Number of protein chains: 2
Amino acid sequence: MLEDKNQERTSLAELGEFGLINHLTEHFKLYNSSTAKGIGDDAAVISASEKERLITTDLLVEGVHFDLSYMPLKHLGYKAVMVNLSDVYAMNGVAEQITVSIAVSNRFPLEALEELYAGIQLACDTYKVDLIGGDTTSSTKGMLLSITAIGTAEKEEIVYRDGAKDTDLIVVSGDLGAAYLGLQVLEREKQVFQVNPQSQPDLDNYTYLIERQLKPEARKDVVELLKELEVKPTSMIDISDGLSSEIMHLCTQSKTGCKIYEDKLPLDPQVISTSEEFKMDSTMIALSGGEDYELLFTVPLADFDKIKSNPNLSIIGHVVAQSEGMNLVTRANQEIELKAQGWNTFKQGDQE
Amino acid sequence: MLEDKNQERTSLAELGEFGLINHLTEHFKLYNSSTAKGIGDDAAVISASEKERLITTDLLVEGVHFDLSYMPLKHLGYKAVMVNLSDVYAMNGVAEQITVSIAVSNRFPLEALEELYAGIQLACDTYKVDLIGGDTTSSTKGMLLSITAIGTAEKEEIVYRDGAKDTDLIVVSGDLGAAYLGLQVLEREKQVFQVNPQSQPDLDNYTYLIERQLKPEARKDVVELLKELEVKPTSMIDISDGLSSEIMHLCTQSKTGCKIYEDKLPLDPQVISTSEEFKMDSTMIALSGGEDYELLFTVPLADFDKIKSNPNLSIIGHVVAQSEGMNLVTRANQEIELKAQGWNTFKQGDQE
């Protein structure tokens, strides 16, 4: 999208750092009474509260975590916020503030950053989160986003990764694997475009997959749903690196094992049809795909009735003793040891 | 220092992201009872408190903010923490936690990151701050550090930028301009080294300057001193972009003017002698040098006796009505309008 030669281009140097921050953030609203002082001083100030504060941070690097040739900047801004809010929700908390730091090379005009901040603002407005600070600087190459999210939770409401107990049910929200397949579709279209820039992609069969890749939603609604259902998970994590990897985190930290049932994994019809088209195993994709930003949690067996018929939640297995290991039970009723094929950015080729 | 061919090199990919974070942070101690949960879950947890929370964040980019050819990684880690703590102290707060996110290209071996984290750990131990989270990822070029610092302050103790009043005294801690000159000395030595790698630099005359550039200290002690003196500043900011730029922030946000006296600017003898050597004006350097990380604040005239004879503090001027403007009174008793020559990273050449 940056290749559009007709768009206006205003150099970042014209504004300077302070002018730039003011320009990009002047239309942001504040939603939380806890935000005592936002942007404009040495530090932001958050009011005292009887609740605990949750702090989480993520770094997104162009060429490693995102590709601007198919990721519109507005979507990138939105997604970067989602990735962080998701971590607050995974603690069973309420996200209230974010800080956003960006490093960009001078090749980005002001209009590109306006797009990015439009996405950040949409995320803030939708999730009622306040932008309270950040830093804006130049980079020697590409774009980098560092976001910190701050949330609150009552002490007794916080859910850690280490509380799963033998016989607990393992539950996942939404469905799995679509974001990964969305990325595969976009990568394929990029290659087609590089060979033939005149080609018109027909993406009707992949709309859900692409939306899950480009505009994921953090599951604030699931945290609210669990409160309504009066269910407090015993352990919880969000799915950023793939289901296998995240289940293994819960089990390792809780000192348990697990059984996950292949036929219980929630898959969207587009995931099934597109897996076939790409000649990939949909179970593998659900287990290792990553970037779903769904919540994975365990609940006591006694909560079965509260969970079982909820369309937003799938019971995919249960916790077992650590000695039994972490296994997938296949449709053919075979047990296969789970392996984490999560994303290791350091194993990717260095593009320097 | 990365050119030392004899050092051990362990590839980051061998450890993976989780192993890497664990390896780098396993020896960090926790100092604050407010740190309920540090590294190891979706988010860190900070206990509820009757105090306000202060949040500040900074992004440091290789090739823009630091040059690894003369900045040892241990010093970089230390300085990156100082830059953030300084912002908490500039609110009159107590820094308690930090998160550290880094992006590094695969050319950095594990041993380089260990050096970086040794500096971060030294800063945490010295300032009694807890590392509670972060993110570690690969970059496509160079190194980037994003640090968020979290502090506390009683609501009535917080000092903002906008409280300066006509007749207030303008006070600065420590001395000015040394960090900037330290950078000039290091840049000169780098050029000498590039011409003649056998040359042995004699840096005895610049030790203070170089230390101020490579190992600045955040002025936690000044915040404590002010409490002892029972002085609460009416406005405060830390000096990262140069005295002029920071004074202008205070005056603009407080809707005041100021008079700064050239003969009151605190200069170390090495600043004076090295300015002469570089044929630079030491007043200019004190006003625009940057990276001093001293505290600049205003106090009511009634506090004059508490401040005047303290060796850590210099009264450099006073606040006047906004209509009188922001001026420097020279040794020749001329008034010159202050100009912000602060650092605008976007005006530097793009090195892409």
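The values are calculated or read from the model by the stated rules, or taken from the named source; none is laboratory data. Here the structure is a predicted model, which is why all the values come from computation and not from measurement. Here the Cβ is made from the backbone with ideal geometry for all residues, glycine too, and neighbour counts use every protein chain on show. To get the accessible areas, we keep the full protein, side chains included, count just its heavy atoms, and leave off ligands, DNA and RNA. Shrake-Rupley method; radii C 1.70, N 1.55, O 1.52, S 1.80 Å.
Yes/no per residue for (1) facing chain A (nearest Cβ under 9 Å); (2) farther than 28 Å from B:Ser34 by Cβ:
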position	(1), (2)
B:Thr56	yes, no
B:Leu59	yes, no
B:Leu68	no, yes
B:Gly77	no, no
B:Met82	no, no
B:Ser86	yes, no
B:Tyr89	yes, no
B:Asn92	no, no
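Test each condition in (1) modelled with pLDDT of 95 or more; (2) outside any strand (DSSP E or B) for B:Thr57 and report the one that comes out false.
All conditions pass for B:Thr57, except number (2).
Does at least one position in the range A:181-193 carry a residue that is within 14 Å of another protein chain (Cβ to nearest Cβ), open to solvent by less than 20 Å² (accessible area, probe 1.4 Å) and among the β-branched types (Val, Ile, Thr)?
no
Search the range B:1-17 for residues being among the polar types (S, T, N, Q) and open to solvent by 40 Å² or more (accessible area, probe 1.4 Å), and hand back the single one that is modelled with the highest pLDDT. Outline the logic, then answer.
Initial filter on the range B:1-17 (among the polar types (S, T, N, Q)): B:6-7, B:10-11.
Among the residues that remain, those that are also open to solvent by 40 Å² or more (accessible area, probe 1.4 Å) are: B:6-7, B:11.
Working: B:Asn6: 51, B:Gln7: 57, B:Ser11: 80.
This residue is B:Ser11.
Which condition number in (1) closer than 27 Å to A:Glu189 by Cβ; (2) in contact with a helix residue (DSSP H, G or I) (Cβ under 8 Å, 6 or more places away or on another chain) is the one that A:Pro269 fails?
With (1) closer than 27 Å to A:Glu189 by Cβ; (2) in contact with a helix residue (DSSP H, G or I) (Cβ under 8 Å, 6 or more places away or on another chain) applied to A:Pro269, the lone miss is (2).
So B:Asp41 fits all but one of (1) touching a residue at least 12 places away in the same chain (Cβ under 8 Å); (2) assigned to a loop (DSSP other than H, G, I, E, B); (3) surrounded by 22 or more Cβ atoms within 10 Å (Cβ to Cβ); (4) at the interface with chain A (Cβ under 9 Å from one of its Cβ atoms); what number is the exception?
Failing condition for B:Asp41: (1).
Going by the structure shown, is A:Asp221 within 15 Å of A:Ala90 (Cα to Cα), in contact (Cβ under 8 Å) with a residue 24 or more places away in the chain and more than 14 Å from chain B (Cβ to nearest Cβ)?
Yes.
Rundown of residues vs (1) of a type in the set (Phe, Trp, Tyr); (2) within 17 Å of A:Ile147 (Cα to Cα); (3) crowded, with 23+ Cβ neighbours inside 10 Å; (4) out of contact with any Cys (no Cβ under 8 Å at 6 or more places or on another chain), yes/no style:
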| site | (1), (2), (3), (4) |
| --- | --- |
| A:His65 | no, yes, no, yes |
| A:Met71 | no, no, no, yes |
| A:Lys74 | no, yes, no, yes |
| A:Val88 | no, yes, yes, yes |
| A:Met91 | no, no, yes, yes |
| A:Ala95 | no, yes, yes, yes |
| A:Ile98 | no, yes, yes, no |
| A:Ser105 | no, no, no, yes |
| A:Ala112 | no, no, no, yes |
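Looking at B:Val83, is it in contact (Cβ under 8 Å) with a residue 12 or more places away in the chain, open to solvent by 30 Å² or more (accessible area, probe 1.4 Å) and within 30 Å of B:Thr234 (Cα to Cα)?
Taking the combined requirement at face value, the residue does not satisfy it.
Among the residues of the range B:232-267, which ones are among the β-branched types (Val, Ile, Thr) and either more than 14 Å from every other protein chain (Cβ to nearest Cβ) or open to solvent by 20 Å² or more (accessible area, probe 1.4 Å) (or both)? Talk me through it step by step, then tell me what you get.
Within the range B:232-267, the first condition is being among the β-branched types (Val, Ile, Thr), and the residues that meet it are B:234, B:237, B:239, B:247, B:252, B:256, B:260.
Those that are among the β-branched types (Val, Ile, Thr) and either more than 14 Å from every other protein chain (Cβ to nearest Cβ) or open to solvent by 20 Å² or more (accessible area, probe 1.4 Å) (or both): B:Thr234, B:Ile247, B:Thr252, B:Thr256, B:Ile260.
Restricting the search to the range B:105-142, which residues are part of a helix (DSSP H, G or I) and of a type in the set (Phe, Trp, Tyr)? Spell out the reasoning first.
Start the filter on the range B:105-142 by keeping residues that are part of a helix (DSSP H, G or I), which leaves B:110-127.
Scanning the range B:105-142 gives B:Tyr117, B:Tyr127.
For the condition of a type in the set (Gly, Ala, Ser) and either without any contact (Cβ under 8 Å) to a residue 24 or more places away in the chain or over 21 Å from B:Val319 (Cα atoms) (or both), what is the one hit in B:Ala179, B:Ala164?
After applying the criteria, what remains is B:Ala179.
Yes or no, residue by residue, for (1) more than 27 Å from A:Ile120 (Cβ to Cβ); (2) part of a strand (DSSP E or B); (3) touching a strand residue (DSSP E or B) at 6+ places or on another chain (Cβ under 9 Å); (4) of a type in the set (A, V, I, L, M):
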residue: A:Tyr160; (1), (2), (3), (4): yes, no, yes, no
residue: A:Thr167; (1), (2), (3), (4): yes, no, yes, no
residue: A:Ile170; (1), (2), (3), (4): yes, yes, yes, yes
residue: A:Leu186; (1), (2), (3), (4): no, no, no, yes
residue: A:Ser199; (1), (2), (3), (4): yes, no, no, no
residue: A:Thr207; (1), (2), (3), (4): no, no, no, no
residue: A:Glu217; (1), (2), (3), (4): no, no, no, no
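Identify all residues within the range A:18-38 that are open to solvent by less than 30 Å² (accessible area, probe 1.4 Å) and within 12 Å of another protein chain (Cβ to nearest Cβ); write none if there are none.
The answer is A:Gly19, A:Leu20, A:Ser34, A:Thr35, A:Gly38.
I'm told A:Tyr206 meets every condition in (1) under 23 Å from A:Glu246 (Cα atoms); (2) in contact with a Ser or Thr (Cβ under 8 Å, 6 or more places away or on another chain); (3) not aliphatic (A, V, I, L, M) except one. Can you identify the failing condition by its number?
Going through the list (1) under 23 Å from A:Glu246 (Cα atoms); (2) in contact with a Ser or Thr (Cβ under 8 Å, 6 or more places away or on another chain); (3) not aliphatic (A, V, I, L, M), A:Tyr206 breaks only (1).
Hey, can you tell me all the residues within the range B:128-167 that are open to solvent by less than 10 Å² (accessible area, probe 1.4 Å), at pLDDT 95 or above and of a type outside the set (A, V, I, L, M, F, W, C)?
B:Asp130, B:Ser146, B:Thr148, B:Gly151, B:Thr152, listed by residue number.
Take the range A:313-329 and flag every residue that is more than 30 Å from A:Lys227 (Cα to Cα) and exposed (fewer than 14 other Cβ atoms within 10 Å of the Cβ).
Correct list: A:Ser323 only.
What strands (runs of 3 or more DSSP E) lie completely within the range B:228-331 and have 3 or more residues being more than 22 Å from the chain's Cα centre (by Cα) and at pLDDT 95 or above? Before you say what the answer is, go through the steps one by one.
Values: elements: B:235-238, B:256-261, B:295-299, B:313-321, B:326-329.
By residue number, B:256-261, B:313-321, B:326-329.
Considering each residue of the range A:288-297, count those that are closer than 15 Å to A:Val223 by Cβ and in contact with a helix residue (DSSP H, G or I) (Cβ under 7 Å, 6 or more places away or on another chain), and give that number.
The number of residues fulfilling the criteria is 3.
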